[in-house]
1. Please tell me if residue 146 is within 10 Å of the ligand (Cβ to nearest atom) and either part of a helix (DSSP H, G or I) or touching a strand residue (DSSP E or B) at 6+ places or on another chain (Cβ under 9 Å) (or both).
2. When you check residue 109 against the structure, is it without any contact (Cβ under 8 Å) to a residue 40 or more places away in the chain, under 23 Å from residue 21 (Cβ atoms), within 16 Å of the ligand (Cβ to nearest atom) and out of contact with any strand residue (DSSP E or B) (no Cβ under 7 Å at 6 or more places or on another chain), yes or no?
3. Which condition from (1) outside any helix (DSSP H, G or I); (2) surrounded by 18 or more Cβ atoms within 10 Å (Cβ to Cβ) is the one that residue 166 breaks?
4. Can you give me the number of residues within the stretch 31-71 that are within 30 Å of residue 126 (Cα to Cα), surrounded by fewer than 18 Cβ atoms within 10 Å (Cβ to Cβ) and touching a residue at least 40 places away in the same chain (Cβ under 8 Å)?
5. Go through the stretch 95-106 residue by residue and tally those that are part of a helix (DSSP H, G or I) and more than 8 Å from the ligand (Cβ to nearest atom).
6. Inspect all residues belonging to the stretch 3-16 and state whether any of them is buried (at least 18 other Cβ atoms within 10 Å of the Cβ), modelled with pLDDT of 95 or more and in contact with a helix residue (DSSP H, G or I) (Cβ under 6 Å, 6 or more places away or on another chain).
Ligand code: HEM
């Protein structure tokens, strides 16, 4: 099995995440700085009015918004090496640890995709440029989501190993076993 870091690297290759994407992301930093707070406010409003998610953020919405703003600016900071992976892996683990089901971050990511698309559309008039820049942004958002999902998957195997006493390699073989 490749390590999560190797998977991250393979995914970037598979998606052709190149210097062009890095340049596109760096170029939209100003737009993300300007519109990011609105996008963050919008998704925290939804989290706060949904009972299943509100309980996780109660009493610390403002602090969490700051953490989230930092996360969003890292998306467009131009550095997508091992440290980027490590920070996203840690973020995934944080959500796993506090017991947030993975479909909540997935749903928030959907809001981020549409909210940030609107932000770019408000600032970039040329449709080809908009599509090009958004293409790079959606790549990195999806890569972030994949890393978070990998940490959820890893946690499930860790728990199964711990609770059943079965060896990790055996569990991974079972997961990959074909029925036919
Ligand atoms: C794409 C979706 C999301 C992103 C990018 C995101 C981002 C982050 C980041 C960057 C942190 C700080 C992690 C750290 O300090 O290492 C964090 C923490 C946190 N997030 Fe999220 N988050 C997302 C979805 C959610 C959702 C849906 C909820 C609530 C249901 C949530 C609740 C929290 C809480 C409670 C913490 C603080 C955890 C702690 O340290 O106690 N997040 N998030």
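1. no
2. So residue 109 fits the description; yes.
3. (2)
4. 4
5. Count: 2.
6. yes
The values are calculated or read from the model by the stated rules, or taken from the named source; none is laboratory data. Keep in mind the model is a prediction, meaning the values are calculated, not measured. Every residue, glycine among them, receives a Cβ derived from its backbone with ideal geometry; neighbour counts consider all protein chains shown.
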